[in-house]
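Quick one: this structure, given as structure tokens, is what I'll be asking you about.
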Amino acid sequence: MDSSLPRLLLCILIGLVHCSYDNHRHNSTRHHDYCVLGAGPAGLQMGHFLSKAKRDYVILERNSGPGSFFNIYPRHRKLISINKIYTGRRNREFNLRHDWNSLLSDRPDLLFQRVSRELYPPADAYPLYLSMFVKELGLRVWYGVDIGTVRAAQSAAGRSYVLTDQRGLEYTCRVLLVSTGLWDPQKVQFVGSDLVEGYESISVDPEDYKDQAVLILGKGNSAFETAQSILGRASRVHLYSPSPVRLAWQTHYVGDLRAVNNELLDTYQLKSLDGLVEGGLEDIAVVQQKEDERRRSGRKQSERRPGGKRRRGQLYLTLAELLDSKEGRNGSGVTAANLPAYHNDNFSLRQPYDRVIRCLGFRFNFSIFDGSARPPSSEGARSRLPGVTAWYEGRGTPGLFVLGTAAHSRDYRSSAGGFIHGFRYTVRAVHRVLEHRYHSDPWPSTKLLTTQLQSWILKRVNEASGPYQMFGVLGDVILLQGSRCEYLEEFPVQALPQLSSLSGREVSKHGLLVLVLQYGLNRTDSLGPGRAESEWTRAWKSNFLHPVLYYYDTLPTERDMRHRPSGWPLPRPKAVHHMIEDFLTEWDGPISHSQPLRRFLEYCVQTDLRAFYAESCFRLSLTHRKPPLFCRQGYLKKQGVVGTSQLWRHARDAGLMPAEQDSDASEDDPSFPDYLTRAAASMSSGLKLDF
């Protein structure tokens, strides 16, 4: 027998095995309960919560590492997110109010400050931090998976989503969590738009703009960031957009122009060749003037471009309606009559430019979703974002949730949901919705005695970071239950009509309170005199961030939400209480903050909430048929002041307390009783009430 025959058979067998494996690899489908699309900060934040809950999940990332957006953007490599390390406090929750980059975890050391200690950190530090976050928490991330199509599938088991990658592999999941961010540059089509350079591809070397006139389309942070980088080299820089510049310190919206990028405002207002102009983008044209026309008008040839190449002609901004010829409509070869200066010799942008740069931001990539899985475009934000519900589920796409910057349509230009320090909390809210919907775990809550409510509210307004960052969007919901209450933290307040279905918690006949932080609605000069209120009787006129409590005797409806007053985060309540704004954002003054809050709570629960010493409780028990609630829940149960779980155990062991402890006492949170004990004395009052 020929010895080559066995070798031939072996080769054929190996080939068949390889083909079988290859076909299996390409045709196999991987099943998971949760698919997270994108390993940016929002995707990794959700990965942490899913991992902590021990859920079946996978994070799919097309690039070779997490946070790939920050490898490119911002182009000039400085983040504008605050990294304030020193706050004078060691309270982790409070410090997150001023740490805009760290993600939430149970690790007290897993903070962004480990990779950068600069107030405005370099962009390169963020992928390093995210890599550290993935490694130290052991998150399940698959890199190099580029999802090209997403479709919905219906089966007997219900709706699911099928994702197909570049190799033909399919991933099927019950819940799809989209955290792809915004990658596609926002563009406006007009005559000559092909002559415009994009923010995503421009040179970041200032020397390439030496002695050049530059027109930038846009007035956001990317536009000003670009302008600031070339101010010392360009001959003049003009910014053009439909709207005037909006300053973050005036609007309180962190997506507006930040002071770290606004040096051009100085050179504009101090008349040093730079400036801002308003005008529509759809009706403009960017054109090149004919060579002979340029000679007659005395225009000089532009300087050399990077690489030694010259432009064929300088660029002019004009109006599309002035272009009457086919040649002009192509953006080249126009005459002087096609330029605005021919008709108005005082036209602001009449001088030619060497470069026109587009800096209009980014939009969500809808192209990977087919018709069965595509969320609609949002009504606001110029349709750049997907439309989502108040709990961040795509409209018309059940089981598909949008996370991170792409979910900013819910609070566009009104809160911080488009930024890391905001969406880390909305991601946690989405996870709590998922836990209840798919695993029957209700929204976490703290059970309190009503006499403990004031101290707990003061604790939250003075340290909680979620409502502080997501002001007007995430709020604490307090379900009143007579002598007790249930405290839910960081619920999406615009989803209040769906409270029961989203949280698994019910509203009783006693009603509910909602605590949010919000800015005042009065538009005032943020740096002018009279910009702040200091008298607690005028707290409702507060302009700066301050706590507001809304009291409802019944749960607001969808109709109530739709018809809420303009600028209000919630419908008109039965009663509302503003806590006076505070320069130090410390709402702990006994007269300005605590006493007005207590009186408001007493109105809502129809109960005296003062704290009393044992001697007073003894006297009131002898002279009143119904002593104050504080005495009934404490002194008359032989409890005295509320202690720690160790004190309760010691008292029970010593026979000083009955074995059955009130089941609603919040002993599962050891941090609370210490705070309450310290606060109890300051709550006492000499006011006389009728019992």
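Using the Cβ atoms and a cut-off under 12 Å, what net charge is assigned to the surroundings of Ser377, where Lys and Arg are +1 and Asp and Glu are -1? Walk me through the numbers on the way to the answer.
Details: positive: Arg363, Arg374, Arg382, Arg384, Arg395; negative: Glu379.
Neighbourhood net charge equals +4.
Return the whole-Å distance between the Cα centroid of the range 127-169 and the Cα centroid of the range 64-98.
Here the answer is 25 Å between Cα centres.
Less than 11 Å Cβ to Cβ from Gly466, Lys/Arg counted +1 and Asp/Glu -1: what total charge do the surrounding residues give? Kindly include the intermediate steps, with their values, before the conclusion.
Values: positive: Arg97, Arg424, Arg428, Arg460; negative: Glu93, Glu463, Asp476, Glu489, Glu490.
Taking every Cβ under 11 Å from that of Gly466, the sum is -1.
Could you look at the range 490-605 and say what percent of its accessible area is carbon and sulfur, using a 1.4 Å probe and all protein chains? If you can, show how the numbers build up before the last one.
Working: 2900 of 5710 Å².
Carbon with sulfur: 51 percent of the solvent-accessible area.
Further question on the same structure: Roughly to the nearest percent, how much of the accessible area of the range 144-225 is carbon and sulfur, given a 1.4 Å probe?
Numbers: 1510 of 3100 Å².
With neighbouring chains kept in place, the figure for the range 144-225 is 49 percent.
Sort Glu61, Glu558, Glu533 by heavy-atom solvent-accessible area, probe 1.4 angstrom, most to least. Before the final figure, lay out each step's value.
Numbers: Glu61 15, Glu558 85, Glu533 40 Å².
Sorted descending by solvent-accessible area, the residues read Glu558, Glu533, Glu61.
Size of the dipole of the range 330-405 about the Cα centre, Lys and Arg at +1 and Asp and Glu at -1 on the beta carbon, nothing else charged, in debye to 20? Provide the component values of the computation, followed by the final result.
Details: 8 positive and 5 negative charges, 13 e Å.
My answer is approximately 60 debye.
I've got another one for you. Round to the nearest 10 and report in Å² the accessible area of Lys626, as given by a 1.4 Å probe over the protein chains' heavy atoms.
About 130 Å², rounded to the nearest 10.
So, with +1 on the Cβ of K and R and -1 on the Cβ of D and E, and no other charges, what is the size of the charge dipole of the range 141-199 about its Cα centre, to the nearest 20 debye? Provide the component values of the computation, followed by the final result.
Working: 5 positive and 6 negative charges, 81 e Å.
Approximately 380 debye in magnitude.
Set the bar at 24 Å for Cα to Cα. Now go through Lys459/Lys509; Lys84/Lys187; Lys509/Lys574; Lys78/Lys219; Lys84/Lys541; Lys78/Lys210 and name every pair that lies beyond it.
Details: Lys459/Lys509 26 Å; Lys84/Lys187 35 Å; Lys509/Lys574 14 Å; Lys78/Lys219 18 Å; Lys84/Lys541 30 Å; Lys78/Lys210 22 Å.
Beyond 24 Å between Cα atoms: Lys459/Lys509; Lys84/Lys187; Lys84/Lys541.
A follow-up question, please. Counting only heavy atoms of the protein chains, get the accessible area per residue of the range 113-261 (1.4 Å probe) and round it to a whole Å² value.
Numbers: 6070 Å² over 149 residues.
Here the per-residue accessible area is 41 Å².
Show the residues, 5+ positions off or on another chain, whose built amide H is closer than 5 Å to the amide H of Phe362.
For Phe362, the qualifying residues are Gln186.
Shifting gears a bit: Using a probe of 1.4 angstrom, how much of the accessible area of the range 79-133 is carbon and sulfur, in percent? Don't skip to the end; give the middle numbers.
On the way: 1420 of 2650 Å².
The computed percentage sits at 54.
The values are calculated or read from the model by the stated rules, or taken from the named source; none is laboratory data. Keep in mind the model is a prediction, meaning the values are calculated, not measured. Cβ atoms come from the backbone with ideal geometry, glycine included; neighbour counts cover every protein chain shown. Note: areas computed on protein heavy atoms with side chains; ligands, DNA, RNA excluded. Shrake-Rupley method; radii C 1.70, N 1.55, O 1.52, S 1.80 Å.
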